[in-house]
Amino acid sequence: MGGWVEHAVWWHVYPLGFGGRLDRLAGWLDYAVELGASGLQLGPVFASETHGYDTLDHFAIDPRLGTDEDFDKLVAACRERGLHLLLDGVFNHVGRGFRAPETWFRREASGEKAVFEGHHGLVALNHDEPEVVAYVARVMNHWLDRGASGWRLDAAYAVPARFWREVLPQTRPRHPGAWFAGEVIHGDYTGYLRESGLDSITQYELWKAIWSSLNDRNLFELAWALDRHNAVLGAGLPLTFVGNHDVTRIATRLDDERHLGHALALLFTVGGSPSVYYGDEQAFRGLKEERAGGDDAIRPAFPDRPDELAPYGWPTYRLHQRLIGLRRRHAWLSRATTTPLHLTNTALALRSSSGDDRIVTLLNVGDTAVTFPIDAGGLSVLEADAPGDGRSPGTVPAHGWSVLGESGNRSVR
């Protein structure tokens, strides 16, 4: 796996919702770079029946998004700006109109084609079929050859881990720097990483703990999840997020809008490869619903240009810029383990460290100021909910947060 991913911060876009063709998306790359992103993570771009996850042809760009030439131009535009490109590979299932030999499909006991999680339009592939292994490897290599840097593998949790063990040896020798991240929602993250040979999994457990602990004022849940997160870091580099194309927007999910900064401070100071879902950086709101069309609110169209975005979102954009800037100045955070120095239901001091490098994140979701009982000597405030307010490093106001760094070589204890 290429060392580039250790520095990656992704801007995640669902192209079929974003609106227009890939060349229109290319016009937003400077916006992503100014945000601080070093990578563009794309949702499905291949020919499909409806929403992109019912693929018809993995070798063709969806006509709604443009042509092969448009893809090549997007790759070139990303390279000009130093952006890596992560594609969405849907290899657990395909659209019902996908043409392939009958042996490529998994069957139920009744003989009917198996489907994914009850969705009639999503037909499950047979991952025991050698031709399916070879096909997926060909698809991966084709788009890596065309300039992609890696793959996010949709519904990897539904694919036997051994399948990736058969696919990856057909891709890694040709693309040793490529990065492969599997979508895993629950279960044994560490075990799946080790059994599959993938580089990364999607860290849904941490995502849930972030918003849930802030809403419930139960930071013990967050500390527990971070302990498990440390174990995952020993097996791979998890893809971390507070929002994506499948979940309610973080600005909607949080009960108290004052805690959005807490969620972002966590995202950018714990280990992993952080991803920002387009619109979250502008405090977009949207509720995911379990019904037909229930994803529409979280997969919206963007305007033609950044200056057409609503003015209310720009303070959140600037907050992202500050925290992403901190993250990129401390790139070692991608591999940092995070441990609590002080913990109550409503106050948490977290030390993120790697080797001799350390920072401390202070979170207060209570109604009164907290002076944390930590050794704050030699520390200064690197970022905070109200930067430049002259606060003492160890004190955080009600519903506030701070990120502290060391001056000189003094350790945080």
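The values are calculated or read from the model by the stated rules, or taken from the named source; none is laboratory data. In this text the structure is predicted, and so the values were computed from the model without any measurement. Please note: Cβ atoms are built from the backbone with ideal geometry, for glycine as well, and neighbour counts cover all protein chains shown. Heads up: the accessible areas ignore ligands, DNA and RNA and are worked out on the full protein's heavy atoms, side chains in. Shrake-Rupley method; radii C 1.70, N 1.55, O 1.52, S 1.80 Å.
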(message) Take the conditions in contact (Cβ under 8 Å) with a residue 24 or more places away in the chain, surrounded by fewer than 16 Cβ atoms within 10 Å (Cβ to Cβ) and in a loop (DSSP other than H, G, I, E, B) and apply them to GLY97. Does it pass?
(response) yes
(request) Please enumerate the residues belonging to the stretch 309-327 that are assigned to a helix (DSSP H, G or I), free of Cβ contacts under 8 Å to residues at least 40 places away in the same chain and open to solvent by 30 Å² or more (accessible area, probe 1.4 Å). (result) PRO311, TYR312, TRP314, PRO315, ARG318
(request) List every residue pair whose Cβ atoms sit under 6 Å apart, with the two residues 6 or more apart in sequence or on different chains, where the first one lies in the stretch 233-249 and is at negative phi and without any contact (Cβ under 8 Å) to a residue 60 or more places away in the chain and the second, anywhere, is assigned to a strand (DSSP E or B) and open to solvent by 10 Å² or more (accessible area, probe 1.4 Å). (result) none
(message) If a residue must be open to solvent by 40 Å² or more (accessible area, probe 1.4 Å), touching a residue at least 40 places away in the same chain (Cβ under 8 Å) and under 24 Å from the mean Cα position of the chain (by Cα), how many such residues does the stretch 331-352 contain?
(response) 5
(request) Filter the stretch 27-85 down to the residues that are touching an Asp or Glu at 6+ places or on another chain (Cβ under 7 Å) and of a type in the set (A, V, I, L, M), then identify the one that is nearest to ARG329 (Cα to Cα). (result) LEU35
(message) Test of understanding: among GLY355, GLY294, which residue is surrounded by fewer than 14 Cβ atoms within 10 Å (Cβ to Cβ), without any contact (Cβ under 8 Å) to a residue 40 or more places away in the chain and at positive phi?
(response) GLY355
(message) Against the definition (hydroxyl-bearing (Ser, Thr, Tyr) and touching a helix residue (DSSP H, G or I) at 6+ places or on another chain (Cβ under 6 Å)), how does SER213 come out, yes or no?
(response) yes
(request) Mind listing just one residue for me: the one in the stretch 213-226 that is without any contact (Cβ under 8 Å) to a residue 40 or more places away in the chain and surrounded by fewer than 16 Cβ atoms within 10 Å (Cβ to Cβ) and, of those, farthest from GLY191 (Cα to Cα)? (result) ASP216
(request) Residues being outside any helix (DSSP H, G or I) and either in contact with a Ser or Thr (Cβ under 8 Å, 6 or more places away or on another chain) or surrounded by fewer than 21 Cβ atoms within 10 Å (Cβ to Cβ) (or both): count how many of those fall in the stretch 128-151. (result) 4
(message) For the stretch 100-127, give me the residue count where each residue is in a loop (DSSP other than H, G, I, E, B), crowded, with 16+ Cβ neighbours inside 10 Å and touching a residue at least 12 places away in the same chain (Cβ under 8 Å).
(response) 3
